[in-house]
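Data first, discussion second: the structure below is written as structure tokens.
The values are calculated or read from the model by the stated rules, or taken from the named source; none is laboratory data. Being a predicted model, the structure only gives us computed values, none of them experimental. Here the Cβ positions follow ideal geometry from the backbone for every residue, glycine too, while neighbour counts run over all protein chains shown.
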Amino acid sequence: MTSQTTDASASGTWQLGDRTVRRIGFGTMRLPQHGAAFAPGSLPRDRDQAIAVLRRAVDLGVNHLDTAAFYFSSLRCANELINHALAPYPDDLVIATKVGPGRDPSGHWLPHATPGQLRGQVEENLRRLGRDHLDVVNLRIVGTDSIADRFGALAELRDAGLIRHLGLSNIHPHHLAEAQAIAPVVCVQNVHGIGFSPDRDALLRLCGEQGIAFVPFYSIAGDGREAGAPARDHGTVEAVARAHGVSTAQVRLAWTLHRGPHVLAIPGTGDLGHLEENVAAGALRLSEDGLAALDAVHHAAA
């Protein structure tokens with residue numbers, strides 16, 4: 001398998017609301033800066049490089065981008081990079097963004113938005129992306145409190161035509177039922193990957209049973225989270241990678257996609273070579289022995 005000849009179509013597709021997306025997408029969190037996302041003093045990424053990565057992703061068949069207005073560094077903003085690189089947008093491109101969190105101009109986190117503040121966050125995404133509506137807006141939350149007021153505010157913006165589809169991020173299972181009583185949910189974004197506690201699998205299965213896309217983040221980075229993947233991976237992951245002649249990142253992505261046809265991957269990178277590897281992982285079919293070994297590592301994290 002070579003990254004140069006493999007495009008995102010090899011990963012298969014999923015119906016995200018009324019839009020068809022390829023299961024390998026692209027996350028833009030790392031585009032505005034080098035190093036760990038949101039780290040104080042992180043260096044802005046070269047603008048031309050970031051734009052080249054976005055355009056190459058689309059060239060490789062990626063038609064599902066994940067972004068947020070709070071993805072920015074001192075000089076770069078993910079939404080503005082997307083706008084500059086890809087507008088006028090391809091007809092099949094689906095851009096999913098998140099609202100809820102916010103950062104002030106210096107990068108410090110603000111309290112999560114109230115229901116009344118969510119419209120301003122939606123409008124900020126619209127403005128910087130240069131669009132008159134948003135394909136998917138995910139309400140990102142922290143904690144276990146009710147989301148009814150906040151999700152209801154987004155449902156009103158959906159009814160007004162500013163949003164096409166709604167999703168959820170960083171939730172607990174009861175939040176999904178609460179949201180669905182208000183408006184349809186097309187996707188759930190939650191942390192998931194080899195090494196994360198397998199008690200998170202219940203939500204992945206629940207989404208599959210209900211035909212909802214499950215969109216894991218940190219599938220490659222694992223416990224590294226915003227800082228990215230560590231230099232050395234788990235020995236089993238490395239062994240499976242050697243057996244298939246691929247990178248450990250590709251193994252992690254392929255394992256993620258093996259979790260179900262409703263699972264969509266959104267790996268992020270600012271490197272063209274890593275982008276091609278990530279997209280190529282959509283064509284990687286792990287052996288039964290390899291999957292069993294990786295599943296054992298995953299379940300050992302309990």
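Where the second residue is surrounded by 15 or more Cβ atoms within 10 Å (Cβ to Cβ) and among the small types (Gly, Ala, Ser) and the first is on the phi > 0 side of the Ramachandran plot and lies in segment 44-65, which pairs have Cβ atoms under 8 Å and are six or more apart or on separate chains?
From residues that are on the phi > 0 side of the Ramachandran plot, the pairs are 61/8; 61/9.
Yes/no matrix, rows are residues, columns are (1) in a helix (DSSP H, G or I); (2) in contact with a Cys (Cβ under 8 Å, 6 or more places away or on another chain); (3) surrounded by fewer than 23 Cβ atoms within 10 Å (Cβ to Cβ); (4) modelled with pLDDT of 90 or more:
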| residue | (1), (2), (3), (4) |
| --- | --- |
| 201 | yes, no, yes, no |
| 224 | yes, no, yes, no |
| 242 | yes, no, yes, yes |
| 261 | no, no, yes, yes |
| 276 | yes, no, yes, yes |
| 282 | yes, no, no, yes |
| 290 | yes, no, yes, yes |
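Going by the structure shown, is residue 165 within 19 Å of the chain's Cα centre (by Cα) and either more than 23 Å from residue 69 (Cβ to Cβ) or not in a loop (DSSP other than H, G, I, E, B) (or both)?
In short, yes.
Within the set of pairs 6+ apart or on separate chains, which have a first residue in segment 5-29 that is free of Cβ contacts under 8 Å to residues at least 40 places away in the same chain, a second that is in a strand (DSSP E or B), and C-beta atoms under 6 Å apart?
Cβ pairs passing all conditions: 13/20; 13/22.
Could you please find all residues in segment 24-42 being touching a strand residue (DSSP E or B) at 6+ places or on another chain (Cβ under 6 Å) and not polar (S, T, N, Q)?
24, 25, 26, 27, 29, 30, 32
If you go through segment 242-281, how many residues are of a type in the set (S, T, N, Q) and over 17 Å from the mean Cα position of the chain (by Cα)?
Residues in segment 242-281 being of a type in the set (S, T, N, Q) and over 17 Å from the mean Cα position of the chain (by Cα): 2 in total.
Evaluate segment 154-161: report whether one residue or more is closer than 23 Å to residue 19 by Cα, hydrophobic (A, V, I, L, M, F, W, C), assigned to a helix (DSSP H, G or I) and out of contact with any Lys or Arg (no Cβ under 8 Å at 6 or more places or on another chain).
The answer is yes, given that some residue of segment 154-161 is closer than 23 Å to residue 19 by Cα, hydrophobic (A, V, I, L, M, F, W, C), assigned to a helix (DSSP H, G or I) and out of contact with any Lys or Arg (no Cβ under 8 Å at 6 or more places or on another chain).
Go through segment 246-258 residue by residue and tally those that are without any contact (Cβ under 8 Å) to a residue 60 or more places away in the chain and either more than 29 Å from residue 48 (Cα to Cα) or crowded, with 23+ Cβ neighbours inside 10 Å (or both).
Summing the residues that are without any contact (Cβ under 8 Å) to a residue 60 or more places away in the chain and either more than 29 Å from residue 48 (Cα to Cα) or crowded, with 23+ Cβ neighbours inside 10 Å (or both) in segment 246-258 gives 5.
Could you check, for segment 65-83, whether at least one of its residues is in a strand (DSSP E or B) and closer than 20 Å to residue 164 by Cβ?
Among the residues of segment 65-83, at least one is in a strand (DSSP E or B) and closer than 20 Å to residue 164 by Cβ, which makes the answer yes.
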